[in-house]
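Heads up: the structure comes next, in structure tokens.
The values are calculated or read from the model by the stated rules, or taken from the named source; none is laboratory data. As the structure is a prediction and not an experimental result, all values here were calculated from the model. Using ideal geometry, Cβ is built from the backbone for each residue, glycine included, and neighbour counts are taken over all protein chains shown. Areas reflect the complete protein model, heavy atoms only, side chains present, ligands, DNA and RNA absent. Shrake-Rupley method; radii C 1.70, N 1.55, O 1.52, S 1.80 Å.
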Amino acid sequence: IHATNVAIQKTSPNYDSEKGCKWLLRNLKMYLNTKHGSEKVDELFTEMEALIVRSLMSVQKVMINDKHCFELYGYDILIDRNLKPWLLEVNASPSLSAETQFDYDLKHSMLNDAFDVIDLEKRNTDKKIRLKVGGFDLVYNDGPVKHDRTSNYTSYLGCHQPIPRAPRSKKRLAATMSL
């Protein structure tokens, strides 16, 4: 769980440099389901999704709206013992450096999905609104988006497909790990 900065976590005697310290959101959700039940965890993830949407709406008027560029944000959210999410910070231009192979694979997959969302290659020719692209779900489009998959609204944060291993040369891996 990325509860503190990786630079701080690496100094812990319990830090595993092979595994790192990050979980997939899906794995966190499964873990919390075993501890608290799916109803409470679905409520938590719905609140986290709403927290993200509200934070973006609060700065909507000062954000640069240019169809030729996009922003990537990283959200740090603390979950208390009552499963209440607390927004710690929003990182503009979050770090894409990788500490482990898993971290590299995760970020590579996220970037592939981001490029699929912005559709630079114009593959989405039918102009239909896409509710899901890779690991991303459309959650707000001039109002909350209701997904056909459920009659009661439940957040789908963390329910994306598995992270595939990213292509990488051994030479580049060694250079990255030495930084």
Residues of the range 99-133 satisfying the condition of being in a loop (DSSP other than H, G, I, E, B) and open to solvent by less than 50 Å² (accessible area, probe 1.4 Å): Thr100, Asp119, Asn124
Quick check on Val41: is it touching a strand residue (DSSP E or B) at 6+ places or on another chain (Cβ under 9 Å), in contact (Cβ under 8 Å) with a residue 24 or more places away in the chain and farther than 28 Å from Ala98 by Cβ? no
Among the residues that make up the range 87-105, is at least one of them modelled with pLDDT under 85, charged (D, E, K, R) and farther than 22 Å from Phe136 by Cβ? yes
Does Pro94 satisfy the criteria of being more than 24 Å from Leu131 (Cα to Cα) and more than 14 Å from the chain's Cα centre (by Cα)? no
Hand me the list of helices (runs of 4 or more DSSP H) wholly inside the range 1-70 holding 1 or more residues that are within 24 Å of Gly135 (Cβ to Cβ) and open to solvent by 60 Å² or more (accessible area, probe 1.4 Å). 25-36, 38-58
Looking only at the range 72-80, decide whether some residue is modelled with pLDDT of 90 or more, under 23 Å from Gly135 (Cα atoms), surrounded by 14 or more Cβ atoms within 10 Å (Cβ to Cβ) and β-branched (Val, Ile, Thr). yes
Looking only at the range 78-128, how many residues end up being at positive phi and in contact with a Phe, Trp or Tyr (Cβ under 9 Å, 6 or more places away or on another chain)? 1
Pairing a residue in the range 134-147 that is closer than 19 Å to Leu51 by Cβ and open to solvent by 70 Å² or more (accessible area, probe 1.4 Å) with any residue that is among the hydrophobic types (A, V, I, L, M, F, W, C) and not in a loop (DSSP other than H, G, I, E, B), where Cβ atoms lie under 7 Å and the two sit 6 or more apart in sequence or on different chains, gives Phe136/Val117; Tyr140/Val53
